[in-house]
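This report concerns only the one structure given below.
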Amino acid sequence: MNIWCVGRNYADHARELGNSVPETPLIFLKAGSCLHKGPTFELPSWTQEVHHELEVAFQFDDQLELNCVALALDLTERHFQNQLKSKGQPWTLAKSFKGACPMSPSQSLKDLGGLAAILDWEFSLEVNDQVRQRGHLREMIYPLEVLTEYVKKHFPVSPSDWLLTGTPAGVAALKKGDRLLAKWGLFPAQSWEIQS
Ligand code: ZN
């Protein structure tokens, strides 16, 4: 199972990190084994500045159509990512560390009312009861159809792979003991606590 991710897919987030908006989707991978289920997660001992990036995740079915959704955290080691970016090096250390993709249980798109319904829902992330991120899938620079077409055209997408669709503004560092709450329309809210 692969986790395909898109960078800078919300203009306000690209701006907050001083990045330009890409001319084609900026795709990167998190190892499939980064996926982490459950209400708690840990930050690796060697990390200095792990940022939350709340994202809506879609799963491909056997026909490589999107059929399930979940709320995911594209955890990012920003300190090392900035170093790697400045050297033009790959982001693997910053994006694909152990436990770098906490994810809620998934729901079928059909049960949620289909794509038309979920595009209208606001998703948000609270950390210790403070709202840090808010977004709508409608605000994506590359909409879902373009992203999926692009990813399937260029990469070996397989059944049960995930596609993370990018994060809106408000990313910030996490610390041990933080309590996170992700909400998204009628989707069941997902909470996490960072183990100390
Ligand atoms: Zn991201």
Original post:
Limited to region 30-44, what total is found for residues that are surrounded by fewer than 19 Cβ atoms within 10 Å (Cβ to Cβ) and part of a loop (DSSP other than H, G, I, E, B)?
Top reply: 5
Original post:
Would a scan of region 152-169 turn up a residue that is without any contact (Cβ under 8 Å) to a residue 40 or more places away in the chain, open to solvent by 60 Å² or more (accessible area, probe 1.4 Å), out of contact with any strand residue (DSSP E or B) (no Cβ under 6 Å at 6 or more places or on another chain) and farther than 22 Å from Asn2 by Cα?
Top reply: no
**OP:** Only one of these is touching a Leu at 6+ places or on another chain (Cβ under 6 Å), of a type outside the set (A, V, I, L, M, F, W, C) and under 20 Å from Arg8 (Cα atoms): Glu55, Glu77. Name it.
**Re:** Glu55
Subject >> Considering residues of region 69-80 that are assigned to a strand (DSSP E or B) and either within 11 Å of the ligand (Cβ to nearest atom) or out of contact with any Phe, Trp or Tyr (no Cβ under 7 Å at 6 or more places or on another chain) (or both) only, the residue nearest to Ile27 (Cα to Cα) >> reply: Thr76
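So that you can scan it fast, the table gives a plain yes or no per residue for (1) farther than 20 Å from Leu137 by Cα; (2) open to solvent by 30 Å² or more (accessible area, probe 1.4 Å); (3) outside any loop (DSSP other than H, G, I, E, B):
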site: Asn9; (1), (2), (3): no, no, no
site: Asp12; (1), (2), (3): no, yes, yes
site: Pro22; (1), (2), (3): no, no, no
site: Phe28; (1), (2), (3): no, no, yes
site: Trp46; (1), (2), (3): yes, yes, no
site: Ala57; (1), (2), (3): no, no, yes
Original post:
Considering only strands (runs of 3 or more DSSP E) fully contained in region 95-186, which possess at least 2 residues that are closer than 26 Å to Phe41 by Cβ and within 14 Å of the ligand (Cβ to nearest atom)?
Top reply: 101-103, 122-127, 130-136, 162-164
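The values are calculated or read from the model by the stated rules, or taken from the named source; none is laboratory data. No experiment lies behind these values; they were computed from the predicted model shown. With ideal geometry, Cβ positions are generated from the backbone for all residues, glycine too; neighbour counts draw on all protein chains shown. SASA here: full protein model, heavy atoms, side chains in, ligands and nucleic acids out. Shrake-Rupley method; radii C 1.70, N 1.55, O 1.52, S 1.80 Å.
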